[in-house]
Amino acid sequence: MRSLGAAALLLLAACSGSRGEGPAPERTTLPDEVKQTGTAFLQPETRALQEDDFANPGMLWVDRGRSLFRETIGQSKSCAACHGEDGSELDAAASHYPQVDEESGELVNLEGRINLCRTRHQGLEPLDYESDPLLALTTYVAHLSEGAPMSVDVSGAAAPYYEQGQDYFFTKRGQFNLACSQCHNEHWGEKLRGDTISQGHGNSFPAYRLEWQTLGSLHRRLSDCDAGVRAEPYPLGSDIYTAVELYLAKRAEGLPVETPGIRR
Ligand code: HEC
Ligand code: HEC
(Lines give C-alpha, C1' and ligand atoms only; values in the text may rest on other atoms or scores of the structure.)
(Ligands and ions follow the chains in the order given, each with its own letter.)
Protein backbone atom coordinates (compact mmCIF):
# COMPACT_ATOMS: atom_id res chain seq x y z
CA MET A 1 0.00 0.00 0.00
CA ARG A 2 1.45 3.39 -0.91
CA SER A 3 1.32 6.10 1.68
CA LEU A 4 -0.15 9.51 1.06
CA GLY A 5 1.08 11.68 3.93
CA ALA A 6 0.55 15.40 4.44
CA ALA A 7 3.59 16.11 2.26
CA ALA A 8 2.20 14.03 -0.58
CA LEU A 9 -1.11 15.78 -0.16
CA LEU A 10 0.61 19.14 -0.57
CA LEU A 11 2.41 17.83 -3.62
CA LEU A 12 -0.83 16.56 -5.06
CA ALA A 13 -2.32 19.96 -4.39
CA ALA A 14 0.66 21.75 -5.94
CA CYS A 15 0.42 19.66 -9.09
CA SER A 16 -3.17 20.67 -9.47
CA GLY A 17 -2.26 24.38 -9.55
CA SER A 18 -2.72 27.19 -7.05
CA ARG A 19 -6.00 28.11 -5.51
CA GLY A 20 -8.90 28.12 -7.96
CA GLU A 21 -6.54 27.62 -10.88
CA GLY A 22 -5.36 24.73 -12.94
CA PRO A 23 -7.37 22.45 -15.14
CA ALA A 24 -10.45 20.78 -13.71
CA PRO A 25 -9.64 17.20 -12.74
CA GLU A 26 -10.44 14.52 -15.23
CA ARG A 27 -13.90 13.03 -14.74
CA THR A 28 -12.65 9.63 -13.69
CA THR A 29 -15.10 6.88 -12.83
CA LEU A 30 -15.16 4.00 -10.42
CA PRO A 31 -15.58 0.78 -12.39
CA ASP A 32 -18.10 -1.73 -11.00
CA GLU A 33 -15.40 -4.42 -10.62
CA VAL A 34 -13.55 -2.38 -8.00
CA LYS A 35 -16.54 -0.82 -6.23
CA GLN A 36 -16.32 -1.50 -2.48
CA THR A 37 -18.12 -0.34 0.62
CA GLY A 38 -16.14 1.79 3.09
CA THR A 39 -16.42 -1.05 5.61
CA ALA A 40 -13.91 -3.01 3.51
CA PHE A 41 -11.22 -0.42 4.31
CA LEU A 42 -11.60 -0.55 8.09
CA GLN A 43 -9.12 -2.03 10.55
CA PRO A 44 -10.32 -5.53 11.56
CA GLU A 45 -11.22 -4.37 15.12
CA THR A 46 -13.35 -1.48 13.84
CA ARG A 47 -15.04 -3.75 11.37
CA ALA A 48 -15.76 -6.36 14.07
CA LEU A 49 -17.32 -3.61 16.20
CA GLN A 50 -19.60 -2.59 13.33
CA GLU A 51 -20.68 -6.14 12.67
CA ASP A 52 -21.53 -6.99 16.31
CA ASP A 53 -24.99 -5.59 17.07
CA PHE A 54 -24.35 -5.78 20.82
CA ALA A 55 -21.06 -3.88 20.67
CA ASN A 56 -21.86 -1.38 17.88
CA PRO A 57 -22.57 1.94 19.66
CA GLY A 58 -24.66 3.04 16.64
CA MET A 59 -27.27 0.47 17.70
CA LEU A 60 -28.15 2.74 20.65
CA TRP A 61 -29.46 5.23 18.08
CA VAL A 62 -31.42 2.48 16.37
CA ASP A 63 -33.06 1.64 19.71
CA ARG A 64 -33.74 5.29 20.46
CA GLY A 65 -35.14 5.76 16.94
CA ARG A 66 -37.44 2.77 17.38
CA SER A 67 -38.90 4.30 20.57
CA LEU A 68 -39.42 7.67 18.88
CA PHE A 69 -41.02 5.91 15.92
CA ARG A 70 -43.63 4.37 18.20
CA GLU A 71 -44.17 7.48 20.32
CA THR A 72 -47.44 9.41 20.11
CA ILE A 73 -47.10 13.16 20.61
CA GLY A 74 -50.33 14.95 21.57
CA GLN A 75 -53.03 14.52 18.94
CA SER A 76 -50.71 13.36 16.18
CA LYS A 77 -50.35 9.81 15.00
CA SER A 78 -47.10 8.01 15.65
CA CYS A 79 -44.85 7.07 12.73
CA ALA A 80 -45.70 3.45 13.56
CA ALA A 81 -49.44 4.11 13.20
CA CYS A 82 -48.88 4.78 9.50
CA HIS A 83 -45.79 2.71 8.74
CA GLY A 84 -46.28 -0.41 10.90
CA GLU A 85 -45.17 -1.18 14.45
CA ASP A 86 -41.77 -2.39 13.23
CA GLY A 87 -41.60 -0.03 10.29
CA SER A 88 -42.61 -2.99 8.15
CA GLU A 89 -44.20 -0.71 5.55
CA LEU A 90 -40.94 1.15 5.01
CA ASP A 91 -39.19 -1.87 3.59
CA ALA A 92 -36.06 -0.78 1.68
CA ALA A 93 -37.08 2.90 1.59
CA ALA A 94 -33.68 4.24 2.68
CA SER A 95 -31.90 2.67 -0.31
CA HIS A 96 -33.97 4.91 -2.62
CA TYR A 97 -33.00 8.27 -1.05
CA PRO A 98 -32.33 11.11 -1.83
CA GLN A 99 -35.43 11.49 -3.96
CA VAL A 100 -37.48 14.35 -5.38
CA ASP A 101 -40.58 15.07 -3.31
CA GLU A 102 -43.40 15.30 -5.84
CA GLU A 103 -45.38 17.87 -3.92
CA SER A 104 -42.61 20.47 -3.60
CA GLY A 105 -40.32 19.38 -6.45
CA GLU A 106 -37.41 19.53 -4.00
CA LEU A 107 -34.74 16.94 -3.49
CA VAL A 108 -34.98 15.39 -0.03
CA ASN A 109 -32.77 12.89 1.74
CA LEU A 110 -34.05 10.53 4.41
CA GLU A 111 -33.77 13.23 7.07
CA GLY A 112 -35.80 15.57 4.86
CA ARG A 113 -38.40 12.90 4.14
CA ILE A 114 -38.84 12.22 7.86
CA ASN A 115 -39.27 15.94 8.50
CA LEU A 116 -41.90 16.13 5.74
CA CYS A 117 -43.85 13.42 7.56
CA ARG A 118 -43.57 15.44 10.75
CA THR A 119 -44.92 18.61 9.18
CA ARG A 120 -47.43 17.12 6.70
CA HIS A 121 -48.67 14.04 8.48
CA GLN A 122 -48.11 14.74 12.15
CA GLY A 123 -48.66 18.50 12.37
CA LEU A 124 -45.33 18.84 14.19
CA GLU A 125 -42.33 21.13 13.75
CA PRO A 126 -39.43 19.74 11.71
CA LEU A 127 -36.53 18.42 13.78
CA ASP A 128 -33.21 20.27 13.58
CA TYR A 129 -30.63 18.75 11.28
CA GLU A 130 -28.06 16.74 13.25
CA SER A 131 -30.26 16.82 16.37
CA ASP A 132 -30.31 13.58 18.37
CA PRO A 133 -33.96 12.74 17.60
CA LEU A 134 -33.54 13.26 13.83
CA LEU A 135 -30.31 11.23 13.81
CA ALA A 136 -32.03 8.48 15.82
CA LEU A 137 -35.08 8.29 13.52
CA THR A 138 -32.89 8.39 10.41
CA THR A 139 -30.59 5.68 11.75
CA TYR A 140 -33.57 3.50 12.71
CA VAL A 141 -35.24 3.88 9.30
CA ALA A 142 -31.94 3.34 7.42
CA HIS A 143 -31.19 0.25 9.53
CA LEU A 144 -34.55 -1.20 8.44
CA SER A 145 -33.07 -1.19 4.91
CA GLU A 146 -29.88 -2.98 6.00
CA GLY A 147 -28.59 -5.15 3.14
CA ALA A 148 -30.81 -3.52 0.50
CA PRO A 149 -28.79 -2.44 -2.55
CA MET A 150 -28.47 1.31 -3.05
CA SER A 151 -30.72 2.31 -5.91
CA VAL A 152 -31.73 5.90 -6.58
CA ASP A 153 -33.52 7.50 -9.48
CA VAL A 154 -31.49 10.24 -11.14
CA SER A 155 -33.75 10.77 -14.13
CA GLY A 156 -36.45 13.39 -14.72
CA ALA A 157 -36.81 15.92 -11.93
CA ALA A 158 -33.79 14.43 -10.13
CA ALA A 159 -31.43 14.96 -13.07
CA PRO A 160 -30.44 18.58 -12.38
CA TYR A 161 -29.66 17.74 -8.73
CA TYR A 162 -27.55 14.81 -9.85
CA GLU A 163 -25.60 17.07 -12.22
CA GLN A 164 -25.06 19.57 -9.43
CA GLY A 165 -23.77 16.86 -7.10
CA GLN A 166 -21.51 15.48 -9.79
CA ASP A 167 -20.06 18.93 -10.52
CA TYR A 168 -19.31 19.35 -6.83
CA PHE A 169 -17.53 15.99 -6.77
CA PHE A 170 -15.20 17.02 -9.59
CA THR A 171 -14.52 20.61 -8.53
CA LYS A 172 -11.25 21.47 -6.82
CA ARG A 173 -11.66 23.41 -3.61
CA GLY A 174 -9.97 24.74 -0.51
CA GLN A 175 -6.37 25.70 0.14
CA PHE A 176 -5.28 22.23 -0.97
CA ASN A 177 -7.23 22.74 -4.18
CA LEU A 178 -8.42 19.16 -4.32
CA ALA A 179 -11.63 17.64 -5.66
CA CYS A 180 -13.44 14.74 -4.00
CA SER A 181 -12.59 12.63 -7.03
CA GLN A 182 -8.85 13.10 -6.57
CA CYS A 183 -8.96 11.27 -3.25
CA HIS A 184 -11.90 8.89 -3.65
CA ASN A 185 -11.54 7.91 -7.34
CA GLU A 186 -7.82 8.31 -7.82
CA HIS A 187 -6.19 7.54 -4.45
CA TRP A 188 -8.50 5.10 -2.66
CA GLY A 189 -6.62 2.33 -0.86
CA GLU A 190 -3.78 4.72 0.07
CA LYS A 191 -3.01 5.98 3.57
CA LEU A 192 -3.74 9.53 4.67
CA ARG A 193 -3.19 10.74 8.25
CA GLY A 194 -3.72 7.26 9.70
CA ASP A 195 -6.81 6.53 7.59
CA THR A 196 -7.03 4.36 4.53
CA ILE A 197 -8.82 6.47 1.92
CA SER A 198 -11.95 4.59 0.89
CA GLN A 199 -14.02 5.17 -2.21
CA GLY A 200 -16.18 7.68 -0.34
CA HIS A 201 -19.54 5.93 -0.34
CA GLY A 202 -22.40 7.02 1.91
CA ASN A 203 -24.08 3.63 2.39
CA SER A 204 -23.06 3.26 6.06
CA PHE A 205 -24.40 6.62 7.25
CA PRO A 206 -25.53 7.85 9.70
CA ALA A 207 -22.40 6.33 11.22
CA TYR A 208 -20.70 6.35 14.59
CA ARG A 209 -17.30 7.98 14.28
CA LEU A 210 -14.76 7.31 17.00
CA GLU A 211 -13.25 10.74 16.34
CA TRP A 212 -16.64 12.40 16.95
CA GLN A 213 -17.37 10.08 19.87
CA THR A 214 -20.90 10.11 18.60
CA LEU A 215 -23.03 9.28 15.62
CA GLY A 216 -23.33 11.74 12.76
CA SER A 217 -24.95 12.22 9.38
CA LEU A 218 -23.37 11.84 5.96
CA HIS A 219 -23.44 15.64 5.69
CA ARG A 220 -21.22 15.88 8.75
CA ARG A 221 -18.73 13.55 7.04
CA LEU A 222 -18.85 15.68 3.86
CA SER A 223 -18.29 18.77 5.94
CA ASP A 224 -15.19 17.11 7.47
CA CYS A 225 -13.85 16.25 4.00
CA ASP A 226 -14.35 19.85 2.88
CA ALA A 227 -12.61 21.10 6.03
CA GLY A 228 -9.81 18.58 5.37
CA VAL A 229 -8.83 20.42 2.18
CA ARG A 230 -9.28 23.75 4.04
CA ALA A 231 -12.46 24.69 2.21
CA GLU A 232 -15.36 26.39 3.98
CA PRO A 233 -17.91 23.60 4.63
CA TYR A 234 -21.60 24.12 3.84
CA PRO A 235 -24.21 23.86 6.58
CA LEU A 236 -25.39 20.33 7.43
CA GLY A 237 -28.70 19.77 5.68
CA SER A 238 -27.90 22.28 2.92
CA ASP A 239 -29.27 21.67 -0.58
CA ILE A 240 -25.80 21.34 -2.05
CA TYR A 241 -24.81 18.52 0.31
CA THR A 242 -28.12 16.78 -0.46
CA ALA A 243 -27.28 17.00 -4.18
CA VAL A 244 -23.82 15.54 -3.46
CA GLU A 245 -25.58 12.82 -1.44
CA LEU A 246 -27.66 11.96 -4.53
CA TYR A 247 -24.58 11.78 -6.71
CA LEU A 248 -22.84 9.54 -4.15
CA ALA A 249 -25.92 7.29 -3.85
CA LYS A 250 -25.97 6.73 -7.61
CA ARG A 251 -22.23 6.17 -7.63
CA ALA A 252 -22.70 3.55 -4.85
CA GLU A 253 -25.47 1.79 -6.76
CA GLY A 254 -25.70 -1.86 -5.77
CA LEU A 255 -23.73 -1.53 -2.51
CA PRO A 256 -25.77 -2.66 0.51
CA VAL A 257 -27.08 -0.24 3.14
CA GLU A 258 -24.88 -0.82 6.23
CA THR A 259 -26.20 1.75 8.69
CA PRO A 260 -25.06 2.20 11.41
CA GLY A 261 -21.44 2.05 10.28
CA ILE A 262 -18.48 2.52 12.61
CA ARG A 263 -15.69 4.75 11.43
CA ARG A 264 -12.42 6.00 12.81
C1 HEC B 1 -7.68 14.82 0.75
C2 HEC B 1 -8.43 13.65 0.41
C3 HEC B 1 -9.95 13.77 0.49
C4 HEC B 1 -10.76 14.60 -0.20
C5 HEC B 1 -10.39 15.68 -1.18
C6 HEC B 1 -12.11 14.23 0.16
N7 HEC B 1 -12.11 13.20 1.06
FE8 HEC B 1 -13.70 12.14 1.67
N9 HEC B 1 -12.53 11.11 2.94
C10 HEC B 1 -11.17 11.21 3.02
C11 HEC B 1 -10.69 10.36 4.10
C12 HEC B 1 -9.26 10.19 4.54
C13 HEC B 1 -11.84 9.76 4.67
C14 HEC B 1 -11.90 8.79 5.85
C15 HEC B 1 -11.53 7.42 5.40
C16 HEC B 1 -12.48 6.92 4.37
O17 HEC B 1 -12.26 7.18 3.16
O18 HEC B 1 -13.52 6.33 4.70
C19 HEC B 1 -12.97 10.21 3.87
C20 HEC B 1 -14.27 9.78 4.05
C21 HEC B 1 -15.32 10.06 3.19
C22 HEC B 1 -16.61 9.44 3.23
C23 HEC B 1 -17.07 8.35 4.20
C24 HEC B 1 -16.83 6.97 3.62
C25 HEC B 1 -17.15 5.88 4.60
O26 HEC B 1 -17.42 4.74 4.16
O27 HEC B 1 -17.16 6.13 5.80
C28 HEC B 1 -17.36 10.00 2.25
C29 HEC B 1 -18.79 9.69 1.91
C30 HEC B 1 -16.53 11.00 1.61
N31 HEC B 1 -15.30 10.98 2.19
C32 HEC B 1 -16.94 11.82 0.58
C33 HEC B 1 -16.17 12.89 0.10
C34 HEC B 1 -16.68 13.91 -0.77
C35 HEC B 1 -18.09 13.97 -1.35
C36 HEC B 1 -15.66 14.78 -1.00
C37 HEC B 1 -15.69 16.09 -1.75
C38 HEC B 1 -16.56 17.09 -1.16
C39 HEC B 1 -14.51 14.27 -0.28
N40 HEC B 1 -14.86 13.15 0.39
C41 HEC B 1 -13.24 14.84 -0.33
C42 HEC B 1 -10.35 11.96 2.22
C43 HEC B 1 -10.79 12.90 1.31
C1 HEC C 1 -50.49 10.00 9.05
C2 HEC C 1 -49.61 9.03 8.44
C3 HEC C 1 -48.10 9.23 8.54
C4 HEC C 1 -47.34 9.46 9.66
C5 HEC C 1 -47.82 9.70 11.08
C6 HEC C 1 -45.98 9.42 9.22
N7 HEC C 1 -45.91 9.18 7.89
FE8 HEC C 1 -44.24 8.77 6.83
N9 HEC C 1 -45.32 8.71 5.12
C10 HEC C 1 -46.70 8.81 5.04
C11 HEC C 1 -47.10 8.83 3.65
C12 HEC C 1 -48.53 8.95 3.13
C13 HEC C 1 -45.92 8.71 2.89
C14 HEC C 1 -45.78 8.71 1.37
C15 HEC C 1 -45.33 10.06 0.89
C16 HEC C 1 -46.37 11.13 1.16
O17 HEC C 1 -47.46 11.04 0.64
O18 HEC C 1 -46.06 12.05 1.95
C19 HEC C 1 -44.84 8.61 3.86
C20 HEC C 1 -43.51 8.42 3.51
C21 HEC C 1 -42.50 8.14 4.43
C22 HEC C 1 -41.18 7.69 4.08
C23 HEC C 1 -40.68 7.43 2.68
C24 HEC C 1 -41.14 6.06 2.22
C25 HEC C 1 -40.70 5.73 0.83
O26 HEC C 1 -40.83 4.55 0.46
O27 HEC C 1 -40.22 6.62 0.12
C28 HEC C 1 -40.47 7.57 5.24
C29 HEC C 1 -39.03 7.12 5.39
C30 HEC C 1 -41.36 7.95 6.31
N31 HEC C 1 -42.58 8.27 5.79
C32 HEC C 1 -41.01 7.97 7.65
C33 HEC C 1 -41.84 8.46 8.64
C34 HEC C 1 -41.40 8.71 10.00
C35 HEC C 1 -40.01 8.42 10.56
C36 HEC C 1 -42.48 9.20 10.68
C37 HEC C 1 -42.55 9.70 12.09
C38 HEC C 1 -41.62 10.81 12.39
C39 HEC C 1 -43.60 9.22 9.73
N40 HEC C 1 -43.16 8.81 8.51
C41 HEC C 1 -44.89 9.61 10.06
C42 HEC C 1 -47.56 8.86 6.11
C43 HEC C 1 -47.19 9.07 7.43
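The values are calculated or read from the model by the stated rules, or taken from the named source; none is laboratory data. Bear in mind that the values here come from a model prediction, so they are computed numbers and not experimental data. Glycine gets a Cβ as well: all are built from the backbone with ideal geometry, and neighbour counts include every protein chain shown. Remember, those area values only see protein heavy atoms, side chains included, never the ligands or the DNA or RNA. Shrake-Rupley method; radii C 1.70, N 1.55, O 1.52, S 1.80 Å.
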key: For the chain, the Rg and Dmax computed from alpha carbons only, in angstrom   = 18.6, 61
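So how much slack lies between Thr171 and Thr72, counting 0.36 nm per residue of separation and subtracting their Cα-Cα distance, in nm? Walk me through the numbers on the way to the answer.
Numbers: separation 99, 0.36 × 99 = 35.64 nm, distance 4.50 nm.
The Thr171-Thr72 span can extend by a further 31.1 nm.
By how many nm would the segment from Glu45 to Ser88 lengthen if fully extended, with 0.36 nm per residue of separation less the alpha-carbon distance?
On the way: separation 43, 0.36 × 43 = 15.48 nm, distance 3.22 nm.
Additional length available on full extension: 12.3 nm.
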inquiry  = List the lysines whose Cα sits under 26 Å from the Cα of Lys191, skipping any in the same chain fewer than 8 residues away.
reply    = Lys35, Lys172, Lys250
query = Can you tell me the Rg and Dmax of the range 59-144, counting just the alpha carbons, in angstroms?
reply = 12.0, 34
note = Per residue, accessible area of the chain with a 1.4 Å probe, heavy atoms of protein chains only, in Å², comes to 49 Å²
ask   = In the chain, carbon and sulfur make up what percent of the accessible area (probe 1.4 Å)?
value = 51 percent
inquiry  = Suppose the chain between Thr29 and Leu210 were pulled fully straight at 0.36 nm per residue; how much longer would it get relative to their current alpha carbon spacing?
reply    = 62.2 nm
ask   = To the nearest 0.05, what FRET efficiency results for Asp63 and Ser238 with a Förster distance of 22 Å applied to their C-beta separation?
value = 0.15
